[in-house]
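The values are calculated or read from the model by the stated rules, or taken from the named source; none is laboratory data. Values in this document were obtained by computation on a predicted structure and should not be read as measured data. Here the Cβ positions follow ideal geometry from the backbone for every residue, glycine too, while neighbour counts run over all protein chains shown. Heads up: the accessible areas ignore ligands, DNA and RNA and are worked out on the full protein's heavy atoms, side chains in. Shrake-Rupley method; radii C 1.70, N 1.55, O 1.52, S 1.80 Å.
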Amino acid sequence: MTAPPDDCLARNEWICGAYLSSRREILWDAALQHLQLTALAVLIGLALAVPLALAARRWRWAAGPVLGLTTILYTIPSLAMFSLLLPVYGLSAALVVTGLVLYSLTLLVRNILAGLRAVPEETRQAARGMGYGPLRLLLAVELPLALPAAMAGLRIATVSAVSLVTVGAIVGYGGLGNLIYSGMNTYFKAQVLTASVLCVVIAVAADLLLLGAQRLLTPWTRRQA
């Protein structure tokens, strides 16, 4: 028997509205897991990258080891990274988050450090002359001026994390990657395409959201442009 003309699922078509309507809850759960893993990894990575960048800026001897170590971590293939973490975390979401955090460090640390180093020395001297102590100087002058470079790194790290979450499907915690992986195994066209498109949508939306936040937080860059 042939499939009914309106049954795109039975015909296994790439674009199928019936798939969206019948698997809405599955898609929502996968997308939500994808967002949670991405956000958690980026936030933890940012929390680690800021002190590492500050240490590398304060002590010149620390810059080489910090940048070298984070670069080495970034060069490890994702499958190898997850395999190395497997004995520690087992088949868990923590394994995926830890891997994403390690990958994000090189992007975040390098950009935050570059932003801090780009702060003009005369600006620091002027702030010190106005009575700014080290902490106030950091919070009120250096970090705000380093924000454009830091946000650029954050945008790249976030988009990369959205992409790498899909690899977590090998341990069962890949968000939309789980659907892509299972869809490829069964050659379920609509599932593969829909989950892939949603990954792209999440990445683009996250990048635009961070770009908007950057423009709001750094109004002086718009005036300079």
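Quick one: which residue in L135, L209, L193 is assigned to a helix (DSSP H, G or I), surrounded by fewer than 20 Cβ atoms within 10 Å (Cβ to Cβ) and in contact with a Cys (Cβ under 9 Å, 6 or more places away or on another chain)?
Within the list L135, L209, L193, the selection yields L193.
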Quiz item: What about A80, is it free of Cβ contacts under 8 Å to residues at least 12 places away in the same chain and closer than 18 Å to L48 by Cβ?
Solution: no
Quiz item: If I180 satisfies every condition in (1) closer than 30 Å to A10 by Cβ; (2) of a type in the set (V, I, T); (3) open to solvent by less than 40 Å² (accessible area, probe 1.4 Å); (4) at pLDDT below 90 but one, which is the exception?
Solution: (4)
Practice problem: Filter the range 155-177 down to residues that are hydroxyl-bearing (S, T, Y), open to solvent by 20 Å² or more (accessible area, probe 1.4 Å) and in a helix (DSSP H, G or I), then give me how many there are. | Solution: 3
Exercise. Consider only pairs whose beta carbons are under 6 Å apart and that are at least six residues apart or on different chains; among these, list those whose first residue lies in the range 126-155 and is closer than 24 Å to V42 by Cα and whose second residue is modelled with pLDDT under 80 and open to solvent by less than 60 Å² (accessible area, probe 1.4 Å).
Key: L147/T218; P148/T218; P148/T221
Quiz item: Is the range 212-220 home to any residue that is over 20 Å from S22 (Cβ atoms), aliphatic (A, V, I, L, M) and open to solvent by less than 30 Å² (accessible area, probe 1.4 Å)?
Solution: no
Quiz item: Taking the stated definitions as given, is T106 free of Cβ contacts under 8 Å to residues at least 40 places away in the same chain, surrounded by 14 or more Cβ atoms within 10 Å (Cβ to Cβ) and closer than 26 Å to V200 by Cβ?
Solution: yes
Practice problem: Select from the range 61-103 the residues that are under 20 Å from the mean Cα position of the chain (by Cα), over 22 Å from H34 (Cα atoms) and not hydrophobic (A, V, I, L, M, F, W, C) and write down the one among them that is surrounded by the most Cβ atoms within 10 Å (Cβ to Cβ). | Solution: T70
